[in-house]
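Beneath this line is the structure, given in structure tokens, with notes to follow.
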Amino acid sequence: MAAAALSFQDDDPPSLLGDDSRRVAEVRQPDQFVTFTCGARAFGIDIMSVREIRSWTPVTELPNQPYGARGVLDIRGNIVQVYDLAAMIGADSSDGEAGQVVLVVSLRSHDVGLRVDTVSDIIFAQGDDMRPAPKGSKGDGLVLGLVKNEDRLIAILDLKALFPDGYRD
């Protein structure tokens, strides 16, 4: 687990005379991301958007579903649309294999499910750990940045870019 970084806020430099000047320490917590695989690719999303991780169960398919949608699940009385993340990002997709999972994520207006291959880990990253994604790729805008974790780069996905309708008022 990474330690929290300390940053100091002080309008005036500390006094050498010992008056009442004090520095106020503000603890900055690292960002946390749930990491997962989709095909051979490693991705992450902000842990605060993840509501639940479920093992794969068959979905109920509906007619005229949005692009990438595979069907719906009833999760404790709430109907949740489940999307195949691989199809949405242009990776090879499979039809609900054993071992796959559904990440239930919260958008502003509702929850959606993302079908992924495996959930890997929770990683911690400070602001300077995030590297910019290259520009000009087909998926430009879907990746907020890249975080190096051990020997691999993890692409942090932008849920607002994947589901823009889920963030409209």
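For (1) buried (at least 19 other Cβ atoms within 10 Å of the Cβ); (2) of a type in the set (A, V, I, L, M, F, W, C), each residue gets a yes or a no:
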residue	(1), (2)
R54	no, no
I89	yes, yes
A98	no, yes
R108	no, no
P134	no, no
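Return the residue satisfying two criteria in turn: it lies in region 152-169 and is outside any helix (DSSP H, G or I) and at pLDDT below 85, and of such residues it is farthest from A125 (Cα to Cα).
Applying the filter and picking the extreme gives D169.
Check whether at least one residue in region 5-22 is of a type in the set (S, T, N, Q), assigned to a strand (DSSP E or B), at pLDDT below 90 and exposed (fewer than 15 other Cβ atoms within 10 Å of the Cβ), and report yes or no.
yes
The values are calculated or read from the model by the stated rules, or taken from the named source; none is laboratory data. This one's a predicted model, so the numbers in the text were calculated from it and none came from an experiment. Virtual Cβ from ideal backbone geometry, glycine too; neighbours counted across all protein chains shown.
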